[in-house]
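Below is one structure; the comments refer to it alone.
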Amino acid sequence: MNVEFLGGAREVGRSAVLVDDSLLLDYGILTGNPPQFPVGDVDPDAVVVSHGHLDHAGAVPALLSGDDRPPIHWTPPTRELTLTLARDTLKLHGVSGSGATGGSRRRGRRGGSYVCPFTEAEVKRVTQVSETHGYHEPFEAAGYEVTFYDAGHIPGSAHVLINDGETRLLYTGDFHTENQRLLSGTTARPDADVVVCESTYADVAHDDRAAVERRFVESVETTLWEGGTVVVPAFAIGRTQEMLLVCEAHDVPCYVDGMGKQVTKMLRRHPEFVRDADALRRAKSHARLVTGRNGQRKRIADQNAAIVTTSGMLSGGPAMTYIPEIRRNPTNKVAMTGYQVEGTPGRDLLETGSAEIDGRVMPVGAQVEQYDFSAHADHDGLRSFLDSYRDAEILVNHGDDCEAFAEELREDGFDASAAELGRSYAL
């Protein structure tokens, strides 16, 4: 078996791993200005997608240009999430079904331009070649036996086990080993000869989740008691639902806005892919949905409530309305709930107290806080997972410092190395 890393090697984003020039694992986007896509030309016989985040699935429709029609294998939530993000990408870029194959250009937030990687026609083709599978249900793809295992990252996320009859390759995708309100941590440890392991938080020790949640709730309640408003930027997939579950559990009044509304509704159709479907139903009922009509968002920005809204990094979405409305009052608060990529407005706000919102740099006088609600395994979680694979070859990917983590593993007796972009490995 041979694997080639087309993305996600020594970086977080544009994950793409090609097995024997035939089976493609993920095909994502590296967010930025401009965004980056997997390297090289690829013409796979089949595609397997680990989960529905942009950095793993954001460029999948582009694989269906021209006459190419490889089948795409994923769990039901991953299929729906990928299509939701793809349609949102088309909307953001102003691409129509009659657009050219290369897509349309749109100005980046710092003056650059970039190309939409696919058209509406290619998104429609995704539904024609989609094949969905549950966990622990082996299926055939490009001549390999493939099995999904629950990765505990977001609903529908999967470890992917590929077996060619001689070598068993485990592609972890993104995963979490600890319980969240939305999902249980992964307990899957399928036998494997080679493990391609993510390392996003290999140098981090997450705080106790219950303690993080307690600090968040106490902070929000204090602001509401003082008469302020709390904007909670959250990723639409996974994080929005987690925050709604937290707010419902502690009876924090909240609104939900942005793509997270659609994702939450979709997940209610797949109760087997969440930890507690009844709790998610209660959380959805507890939150007040924002339509955005007739100036509703500006009125809500004056209310004593938490507003859970996209985007998680302040790079678009309804947050662009709420932040300017609440930014001048120091009683108000912006509670960031996820990792902020360098160069995003969310990162700028944390580091400088200002952010570029709709093309204008705005100082924010409201309080700005960050909470670690990560859905990735931290250092100890990664090590506990890999303890089951001491006899396997480990290829570390999807991290900012893959080399350091691989070196740590080698010092502890593992056969480990950091995958390199564009390099092929014979397994």
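For Arg293, Arg360, give me the order by solvent-accessible area with a 1.4 Å probe, most accessible first, ignoring ligands, DNA and RNA. Provide the component values of the computation, followed by the final result.
Working: Arg293 150, Arg360 130 Å².
The residues order as Arg293, Arg360, largest area first.
Going down the table (Lys265/Lys333; Lys91/Lys333; Lys91/Lys261), which pairs top 19 Å between alpha carbons? Spell out each step's value before the answer.
Details: Lys265/Lys333 27 Å; Lys91/Lys333 30 Å; Lys91/Lys261 17 Å.
Pairs exceeding 19 Å: Lys265/Lys333; Lys91/Lys333.
Per residue of segment 43-51, what does 6.51 cos²θ - 1.76 cosθ + 1.60 with θ = phi - 60° give for ³J(HN,Hα)? Whole Hz please, x for Gly and Pro, Karplus curve as stated.
With coefficients 6.51, -1.76 and 1.60, one gets 9, x, 7, 7, 10, 10, 10, 6, 6 Hz.
Return the ratio Rg/(2.2 N^0.38 Å) for segment 220-365, where Rg is computed over Cα atoms only.
Values: Rg = 14.7 Å, N = 146, 2.2 N^0.38 = 14.6 Å.
Relative to the 2.2 N^0.38 Å estimate, segment 220-365 comes out at 1.01.
Could you work out how far apart the two model spin labels at Glu221 and Asp43 are, taking each label as a point 7 Å from the Cα in the direction of the beta carbon, and quote it in nm?
Simple spin-label model gives 6.2 nm for this pair.
Could you check the spin-label model distance between Arg360 and Asp401? Points 7 Å from the Cα along Cα→Cβ, value in nm.
Computed distance between label sites Arg360 and Asp401 equals 4.0 nm.
Just to be sure I follow: if Rg is taken over the C-alpha atoms of segment 304-427 and Rh is the Kirkwood radius over the same atoms, what is Rg/Rh? Don't skip to the end; give the middle numbers.
Details: Rg = 19.9 Å, Rh = 17.3 Å.
My calculation puts Rg/Rh at 1.15.
With the convex hull built on the Cα atoms of segment 1-99, state its orientation-averaged projected area in nm².
Orientation-averaged projected area of the Cα hull: 6.7 nm².
How much of the DSSP beta bridge set in the chain is antiparallel, as a percent to the nearest 5? Each step should come with its number before you reach the end.
Numbers: 31 of 68 bridges.
Within the chain, antiparallel bridges account for around 45 percent of the total.
Kirkwood hydrodynamic radius for segment 1-46: how many Å is it when counted over pairs of different Cα atoms? Intermediate results must be reported in sequence, preceding the final value.
On the way: mean 1/r = 0.0938 Å⁻¹.
Over segment 1-46, the inverse of the mean reciprocal pair distance is 10.7 Å.
Set the Förster radius R0 to 30 Å, insert the Cβ-Cβ distance between Gln128 and Arg281 as r into 1/(1 + (r/R0)^6), and round the FRET efficiency to 0.05.
Details: r = 32 Å, r/R0 = 1.08.
The calculated FRET efficiency here is 0.40.
Which semi-axis lengths, in whole Å and largest first, follow from the square roots of five times the eigenvalues of the Cα gyration tensor of the chain? The partial results should precede the final answer.
Details: eigenvalues 241, 121, 82 Å².
Each semi-axis is the square root of five times an eigenvalue, giving 35, 25, 20 Å.
Restricting attention to the chain, give the cysteines that have no other cysteine Cβ less than 4.7 angstrom from their Cβ.
Cys116, Cys197, Cys402
Can you work out the accessible area per residue across the chain, with the rest of the protein chains kept in place, probe 1.4 Å, in square angstrom?
On the way: 17100 Å² over 427 residues.
On a per-residue basis, 40 Å².
How compact and how long is segment 144-248, expressed as Rg and Dmax of its alpha-carbon atoms in Å?
Spelled out, the Cα radius of gyration and Dmax of segment 144-248 are 18.0, 64 Å.
Tell me, in nm to one decimal, what length is gained between Leu92 and Glu272 on full extension, where the rule is 0.36 nm per residue of separation less the Cα-Cα distance?
Values: separation 180, 0.36 × 180 = 64.80 nm, distance 3.15 nm.
Here the answer is 61.6 nm.
The values are calculated or read from the model by the stated rules, or taken from the named source; none is laboratory data. Please read these numbers as outputs of a predicted model, since none were measured by experiment. We place every Cβ from the backbone using ideal geometry, glycine too, and count neighbours over all the protein chains shown. Note: accessible area is taken over every heavy atom of the protein model, side chains too, but ligands, DNA and RNA are not part of it. Shrake-Rupley method; radii C 1.70, N 1.55, O 1.52, S 1.80 Å.
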